[in-house]
Every structure is written in structure tokens, then in C-alpha cells.
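Here's the structure we're looking at; comments come further down.
Please treat every number below as a calculation from the coordinates, not as lab data. Every value quoted in this text rests on a predicted model; they were computed, and no experiment measured them. Don't worry about glycine lacking a Cβ; one is built from the backbone with ideal geometry, like all the others, and counts go over all protein chains shown.
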Amino acid sequence: MEQHIIVGLGNPGRRYAGTRHNLGFAAVDLMAERCGIKVSRLRFKALIGEGTAFGSRVLLVKPQTYMNLSGESVAAVMAYYKAPPEALAVVYDDVDIPLGRIRIRKQGSAGTHNGMRSIVYHLRRDDFPRVRIGIGGEVGARLTDYVIGGFRRQEMDTARDAVMRAVLALECMLLDGVDAAMNRYNADPDAAARGAGGRGPEGGADE
């Protein structure tokens, strides 16, 4: 059975719960709920959960190293499972994408995201898929304060919808591959009504 490793980026602890920088964690949590996988074991400096979904073996990972050291955790996971780069998908927030939109790429630079910079540094490569969830930016705002800040009330529904689309895109990647997910979700922000979400996951969690 094919192995997929899905990593959501964020910062651990109550202080950062619900912040813009933790949308990667939110996506993994939602995917875990939809797939019946419990993400609770502490290994590789991360909370992990393993199960089956959409005919694949799926490992869900939430690094607990704090954002800037995410690569330490991801590199340990990849080494242990001897996984090829195409088995990895990283989901995270991106200030360069408007709030509510998502973008999927097969590979590329880390951009301004410190968590992705850490992953690329520790893996010594950038040829792995990623799903970026837009959080937009704010003119005049200090970047650090903005990303670790919470959403305004009027932004919360939009952010939740984007997290759902990111999860549907990940499910589409498991079912049909990265190209299909890119074609479906990069072009159409309302694809949640049509994509993989119409088909529930097959299987569930392993204890």
C-alpha cells in the first residue's frame, strides 16, 4: 500500500491556537477527523497519527518544535520511513496568497515562510508537494505580529473554508495525484462543492 506523509505546520501550545500561523495544524486536525485518524503519539519531535484513507497508508504529522525548527521533525520522519520526496505533502499558511485562497505546487522554494525554509534546509531539497493556505497580509503590520495573531471575526468563516478546501485538495492528491489537485483547486476557490469531499475515506486509524 502506498505511503503518504502529510505535515501541517504550526506552533504548539495554547498561546498559538487559532492563529494565522497555525492553519497547517488546523488542516491536519480536520483531515484526521475526516479520516478517523488520531494524531496523539509523540515521536520525531511531533504529534503523529497513522491510518489508512483513500486506499493509501497515511501518516499525519504536526511538528512540535516551533515553526522555525520544523525541518528537524520532518527530516526525522522522512529518514525513518525512507520515504521519497513525492510521498511528502506540507500544508501551511502563506502571507503572499489572499485570505481564503489556496495554492498547490509540486516543488519550489520556501519563499518567506520560516517553517518551510527549515524543512528545505534539513531535507536538502525542495522537490516535494505543498498546499499553501492564504492568510493575506496587512499594510504596515509587523510580519511576526501578524502571523501569530488571531483572525478577525469577519475573517473566520473565510479561513475555515480555506482550511476545508486545503483538506479536500490533499484528499484529491491521495486519490488522483498532485496534477489533478492543482487543476481542480488552484483555478477554482469554490471547488469544495465538487472535489474529493464527495467520497469518504476508506479505512481508519491504527492504534
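In the chain, helices alone account for a calculated mean residue ellipticity at 222 nm of -10000 deg cm²/dmol, with every DSSP H run of four or more residues adding -39,500 (n - 2.57).
Given a Förster radius of 25 Å and the C-beta distance between residue 183 and residue 155 as r, what FRET efficiency does 1/(1 + (r/R0)^6) yield to the nearest 0.05?
Values: r = 28 Å, r/R0 = 1.10.
For R0 = 25 Å, the calculated efficiency reads 0.35.
Mind telling me which of 95, 163, 28 comes out most flexible in a GNM of the chain, alpha-carbon contacts under 10 Å? Evaluated over the chain, the most mobile residue of the options is 95. Placing unit charges on the Cβ atoms of the charged side chains and taking the dipole of the range 3-198 about its Cα centre, the candidate lying farthest along the positive direction among 182, 88, 11 is 11.
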